[in-house]
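Trainee: Would you mind keeping the following structure in view while I ask a few things?
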Amino acid sequence: MTEGETVTGGGVAGAAPSPPPAIEFRDISKAFGQVQANRAVSLGVPKGEIHGIVGENGAGKSTLMSILYGVYEADSGEVLVNGKPVRIRSSRDAIDCGIGMVHQHFMLVDNFTVLENVVLGAEEGALIESSIEKARAELARLEEEYDLRVDQDAVAGDLPVGQQQRVEILKALFRGAEVLVLDEPTGVLTPQEAKQLFRILDALKEHGTTIILITHKLREIMAVTNSVSVMRGGEIVAVRRTQDTSEEELAELMVGRKVRTGERGEAREAGDVALKVGGLTVRDAQDVARVDNVSFEVKAGEIVCIAGVSGNGQSELLQALAGIMPLNNGEFEAMGRSFSPDHPANPKLMRELGIAHVPEDRIRMGLITDFVASESAILGYQRDPSFLNHMLYRMDYLFGHCRKLMENFDVRPRDPSLRSANFSGGNQQKLILARELERRPDILLVGQPTRGVDIGAIEFIHRQLREYRDAGCAILLVSVELDEVMSLADRILVMFEGRIVGEVDGRTADERTLGLMMANAHEGATDRVTEEARL
Ligand code: ADP
Ligand code: MG
């Protein structure tokens, strides 16, 4: 057996021949224009196993799964299901082959019930009364069999994401899926929800379902998979039995060199208070308080992280402090200035004061994808006189400036004339960070600095943030990634429904406590205890 082929459980020579893999890719290649997304990929996934696929952004994982699900057709190569070659040209074909996909962005119809969503599209004339009632019994049977409980009559849009995901899984099972593909399924879940998902995957495996799990979280791979393959540059570079590998080895295989993750640096004394927030309230267009009476401080030389499930007001808080969203109540002080509803901040003033902002949504706010890199590299600072000569941009200077940022922050490719859209997510993010950090801000507001960024770039960005902190920068960081929060934070504040519901020391924080706080189900929580959290 060579790498890239079927991973067996270590079969003994002379034993009965093992059954064909549930799914087998043979020499699959797929190009998008110049980009070779998949390159002669061969891989067999044994029936009834959980197989992980890891790889940096752009390694080709989603493309391979899209070929399996009939979204793309491969340029060459073939797919076999239970040993038989198949042609999958649509999701319909995939479903007919017993392949189900749990999408990263759930495809449920918000105002339909769970039951209606499950039935929808599964059979002819679906939403008529008789088929609905037949489906109800079948769904109940599936719930029972896989211990996958949902409220069939709940409206899908009202459910927490963890439950919506269960509905997606049930929907696939209802269509007879024997192979389930999950592409980055835990990005939107709390740790407790993720744990429940893995329990469900285990139950599915026990019942013989084959599962392909794509995640960039190596700890999840180690915890739930039987085998794992690593993709790099469109190829499968290694296949391992999970028990025979480690997070370190997988990380190295992914990036092609040694990586150091999770280093924390020395404990130090923080300096003076740099940012002081008091009773801050921010309402959205519907007059809902997205940030609700929030108070805290960030000191110079300190990283304070705001943890929480996305959508609990973290983004609005950061935008208010960056002068993008107006305050409705309360105030904050920064760089000797005080801001309140009567004394509003604005992005330009904040930059001039030395308060940098790396926005969460880099495509919408951080850069203009049609601009070339050298233009994105000065966005927000475009009126800086050093860039101009008699009102005209000094193009040579801009290119040189951009090239310098690219070198300092290892942006690849180092091409100031390349359109911003053509850099990978990690490299876009590095360019924005370079732009904001280059001016050595006193306060840095940063949202999701490594979302969608691969492991090599994460290591780099984290190191930069630590260096700026150590040099005295006050950093307020919003992240939904607990690993990130726990490896960077000196202090952690947890936000839930617009309020800060807990504070934890970054050095002693543990994932369980934080997860419970994120669901507002920790001891002393003031609100409802959700079913998800009561584990
Ligand atoms: P992964 O899921 O491992 O992050 P993808 O399979 O999404 O990687 O992408 C592999 C490569 O193919 C990347 O370079 C990506 O930019 C490119 N790619 C993916 N889908 C398309 C597409 N529809 N058009 C052009 N390029 C694409
Ligand atoms: Mg992907």
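Trainee: Going from most exposed to least, what order do Val304, Val501 have by accessible area with a 1.4 Å probe?
Mentor: Val501, Val304
Trainee: While we're on this one: With +1 on each Lys and Arg Cβ and -1 on each Asp and Glu Cβ, how big is the dipole of the chain about its Cα centre, in debye rounded to the nearest 20? All intermediate terms of the calculation are to be shown ahead of the outcome.
Mentor: Numbers: 59 positive and 82 negative charges, 306 e Å.
So the dipole magnitude of the chain works out to roughly 1460 debye.
Trainee: Sticking with this one: Which pairs break 22 Å Cα to Cα here: Lys30/Lys61; Lys61/Lys217; Lys30/Lys205; Lys195/Lys217; Lys134/Lys195; Lys348/Lys404? Let's see the in-between values first.
Mentor: Numbers: Lys30/Lys61 12 Å; Lys61/Lys217 14 Å; Lys30/Lys205 30 Å; Lys195/Lys217 13 Å; Lys134/Lys195 31 Å; Lys348/Lys404 24 Å.
From the list (Lys30/Lys61; Lys61/Lys217; Lys30/Lys205; Lys195/Lys217; Lys134/Lys195; Lys348/Lys404), the Cα-Cα distance tops 22 Å for Lys30/Lys205; Lys134/Lys195; Lys348/Lys404.
Trainee: To the nearest 0.05, how large is the calculated FRET efficiency for Leu349 and Asp158 if R₀ is 41 Å and r is the Cβ-Cβ distance? Before the final figure, lay out the partial values.
Mentor: On the way: r = 41 Å, r/R0 = 1.00.
After rounding, the FRET efficiency stands at 0.50.
Trainee: If you keep only loop residues by DSSP, which GluC sites (Glu not before Pro) in segment 31-110 have at most 14 other Cβ atoms within 10 Å of their Cβ?
Mentor: Numbers: sites: Glu49, Glu56, Glu73, Glu78; in loops: Glu49, Glu56, Glu73.
Sites meeting the loop and neighbour criteria: Glu73.
Trainee: Also, quick follow-up: Dipole size in debye (nearest 20) for segment 223-356 around its Cα centre, Lys and Arg Cβ +1, Asp and Glu Cβ -1?
Mentor: Values: 15 positive and 20 negative charges, 76 e Å.
Once rounded to the nearest 20, the dipole reads 360 debye.
Trainee: Net charge near Ile53, counting Lys/Arg +1 and Asp/Glu -1 over other residues with Cβ under 13 Å of its Cβ? List each step's numbers first, then the result.
Mentor: Numbers: positive: Lys61, Lys217, Arg232, Arg240; negative: Glu49, Glu56, Asp183, Glu184, Glu220, Glu235.
Taking every other residue near Ile53 into account, the sum is -2.
Trainee: If I model a spin label at Val273 and His390 as a point 7 Å from the Cα along the Cα→Cβ vector, what separation in nanometres do I get?
Mentor: Between Val273 and His390, the simple spin-label model gives 5.2 nm.
Trainee: Rounded to the nearest percent, how much of the accessible area of segment 363-439 (1.4 Å probe, protein heavy atoms only) is carbon and sulfur?
Mentor: On the way: 2050 of 3940 Å².
On segment 363-439, the fraction of accessible area on carbon and sulfur atoms equals 52 percent.
Trainee: Counting Lys +1, Arg +1, Asp -1, Glu -1, what net charge surrounds Asp284 among other residues with beta carbon under 14 Å of its beta carbon?
Mentor: Values: positive: Arg283, Arg290; negative: Asp287, Asp292, Glu316, Glu497.
Residues close to Asp284 contribute a combined charge of -2.
Trainee: Ignoring everything but the protein chains, give the 1.4 Å probe accessible area of Arg26 in square angstrom, nearest 10.
Mentor: Per-residue accessible area (Arg26): approximately 100 Å².
Trainee: Hey, another quick one. Provide the gained length on full extension for the span Val35 to Asp361, in nm with one decimal, where the gain is 0.36 nm per separating residue minus the Cα-Cα distance. Mind showing how you got there, number by number?
Mentor: Details: separation 326, 0.36 × 326 = 117.36 nm, distance 2.52 nm.
In short, 114.8 nm is gained.
Trainee: Would you pull out the residues with amide H under 5 Å of Val501's amide H, same chain only if 5 or more places away, H placed 1.01 Å from N?
Mentor: Placed amide hydrogens put Val494, Met495, Phe496 under 5 Å from Val501.
Trainee: What figure, in Å² to the nearest 10, do you get for the accessible area of His207 with a 1.4 Å probe and non-protein molecules left out?
Mentor: 90 Å²
Trainee: Amide H of His357 versus every other amide H placed in the peptide plane: which residues, excluding those fewer than 5 positions away on the same chain, fall under 5 Å?
Mentor: For His357, whose amide H was placed from the backbone, the distant partners under 5 Å are Leu445.
Trainee: At a threshold of 8 angstrom on Cα-Cα distance, excluding pairs fewer than six apart, so keeping six or more, what relative contact order does the chain reach in percent?
Mentor: Details: 1057 pairs, mean separation 76.6, N = 535.
About 14 percent, as a whole number.
Trainee: Quote to one decimal, in nm, the extra length available between Asp93 and Asp284 on full extension: 0.36 nm per residue of separation minus the C-alpha distance between them. It would help to have the intermediate numbers written out before the result.
Mentor: Values: separation 191, 0.36 × 191 = 68.76 nm, distance 4.40 nm.
Full extension from Asp93 to Asp284 adds 64.4 nm.
Trainee: On the full set of protein chains, 1.4 Å probe, figure out the accessible area of Glu248 and give it in Å² to the nearest 10.
Mentor: The value for Glu248 is about 120 Å².
Trainee: Express the accessible area of the chain per residue in Å², computed with a 1.4 Å probe while the remaining protein chains stay in the model. Can you show the working numbers first?
Mentor: Values: 24000 Å² over 535 residues.
Accessible area per residue: 45 Å².
Trainee: Using 0.36 nm times the number of residues separating Phe112 and Glu503, minus their current alpha carbon distance, what extension gain do you get? Could the numbers behind the result be given before it?
Mentor: Values: separation 391, 0.36 × 391 = 140.76 nm, distance 3.80 nm.
Between Phe112 and Glu503, full extension yields an extra 137.0 nm.
Trainee: Would you mind checking which residues have amide H under 5 Å from Lys30's amide H? H placed 1.01 Å from N; only 5 or more apart, or other chain.
Mentor: When sequence neighbours closer than 5 places are left aside, the close amide H contacts are Ala37, Asn38, Arg39, Ala40, Asp75.
Trainee: Additional query: Give me a comma-separated list of calculated 3J(HN,Hα) values for segment 108-117, in order, Karplus coefficients 6.51, -1.76, 1.60 applied at θ = phi - 60°, integers in Hz, x for any Gly or Pro.
Mentor: Values, residue by residue: 6, 8, 4, 9, 9, 6, 4, 4, 4, 4 Hz.
Trainee: Mind ranking Glu184, Glu206, Glu178 by accessible surface for me, highest first, 1.4 Å probe?
Mentor: Values: Glu184 40, Glu206 140, Glu178 100 Å².
So the residues, ranked largest to smallest area, are Glu206, Glu178, Glu184.
Trainee: If you place +1 on the Cβ of every Lys and Arg and -1 on the Cβ of every Asp and Glu, how big does the dipole about the Cα centre of segment 23-255 come out, in debye to the nearest 20? Please report the intermediate quantities before stating the final value.
Mentor: Numbers: 24 positive and 37 negative charges, 112 e Å.
Using only the charged Cβ atoms, the result is roughly 540 debye.
The values are calculated or read from the model by the stated rules, or taken from the named source; none is laboratory data. Keep in mind the model is a prediction, meaning the values are calculated, not measured. Here the Cβ is made from the backbone with ideal geometry for all residues, glycine too, and neighbour counts use every protein chain on show. Protein only, heavy atoms only, side chains kept; ligands, DNA and RNA dropped before computing areas. Shrake-Rupley method; radii C 1.70, N 1.55, O 1.52, S 1.80 Å.
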